[in-house]
1. Please turn the phi angles of the range 116-123 into ³J(HN,Hα) values with the Karplus equation 6.51 cos²θ - 1.76 cosθ + 1.60 (θ = phi - 60°), one per residue in order, whole Hz, x for glycine and proline.
2. Label the range 160-205 by shape, choosing from rounded, prolate and oblate, from the square roots a ≥ b ≥ c of the eigenvalues of the Cα gyration tensor; if a/c is under 1.5 it is rounded, and otherwise prolate applies when a/b is larger than b/c, oblate when it is not.
3. Taking θ as phi - 60°, what are the ³J(HN,Hα) couplings along the range 41-52 by the Karplus curve (6.51, -1.76, 1.60), each to the nearest whole Hz, with x for Gly and Pro?
4. Give the long-range amide H neighbours of Asp119: residues separated by 5 or more places, or on another chain, with amide H under 5 Å away, using H modelled in the peptide plane at 1.01 Å from N.
5. Would you calculate, for the chain, the mean residue ellipticity at 222 nm contributed by helices, counting each DSSP H stretch of 4 or more residues as -39,500 (n - 2.57) and dividing by all residues, to the nearest 500?
6. Roughly to the nearest percent, how much of the accessible area of the chain is carbon and sulfur, given a 1.4 Å probe?
7. Counting only DSSP beta bridges with both residues in the range 96-215, what percent are antiparallel, rounded to the nearest 5?
8. 7 Å from Cα along Cα→Cβ at both Lys165 and Lys12: what's the point-to-point distance in nm?
Amino acid sequence: MSEQVINLNNAKFTISAPDIRRLPEDTGIEVAFAGRSNAGKSSALNTLTRQKSLARTSKTPGRTQLINVFEIAENKRLIDLPGYGFAKVPMEMKKKWQKALGEYLEKRDCLKGLVVLMDIRHPLKDLDHNLIEWAVDSELPVLCLLTKSDKLSQGKASAEVLKVKKTLAELNGNIKVQAFSSLKKSGMPQATQVISDWFAQEDLEQESLGEDAAE
């Protein structure tokens, strides 16, 4: 049984890739972060890893144009996927990002969990819903982080979380929903726990498979 404790604070940037062909070998465990270009994805990554500038943040949404890879331990990586939906960029460039995003989700075998980030004031736009639905169909666990929760009162934020949970319950998937604020650090312990559990669970499953093969 694995004794390794997953520490997201160890995240180190390793590579930015325009497509999956330039990524590290498709082995180990990856947890990917995806969301609309204005959902606060980079800020959330920085908060969860307790690093101020691990992921580049920008006042202009949509600056994540590449697949960014952060290693947290041997064969364990966090993946920052290109933002979708909002960015004011040429259509040709937008298509290129979407292709990289789609290819990664469909073809990357070591993807074991998906964090979907949505602004708590505007959750579950069509692209968000499609992405979560795809993950459920692919039997991937999903953590929905409803970001910028500091913009709402606690009561209103809780109501939004319940509403999103109710809508997504219809998909019958392994989906968790959590209010999150990079500014106030709220929701951080819960999100960290879910992601750490994904890495640990996958470790146990891989070890179990190895033991079965050895018998």
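The values are calculated or read from the model by the stated rules, or taken from the named source; none is laboratory data. A quick note: this is a predicted structure, and the numbers were derived from the prediction, not measured. Glycine also receives a Cβ, built like all others from the backbone with ideal geometry; neighbour counts cover every protein chain displayed. All accessible areas refer to the heavy atoms of the entire protein, side chains included, with ligands and DNA or RNA removed. Shrake-Rupley method; radii C 1.70, N 1.55, O 1.52, S 1.80 Å.
1. Karplus-based 3J(HN,Hα) across the range 116-123 equals 9, 9, 9, 4, 4, 7, 9, x Hz.
2. On the way: a/c = 4.78, a/b = 1.13, b/c = 4.25.
Verdict is oblate for the range 160-205.
3. Running phi through 6.51 cos²θ - 1.76 cosθ + 1.60 with θ = phi - 60° gives 5, 5, 4, 5, 4, 4, 5, 5, 9, 6, 10, 6 Hz.
4. Residues meeting the amide H criterion: Thr147.
5. Numbers: 5 runs with 80 residues, N = 215.
Taking each H run of at least 4 residues, the total per residue is -12500 deg cm²/dmol.
6. Values: 5600 of 11570 Å².
The value for the chain is 48 percent carbon and sulfur by accessible area.
7. Antiparallel bridges: around 10 percent, rounded to the nearest 5.
8. According to this spin-label approximation, the distance is 3.9 nm.
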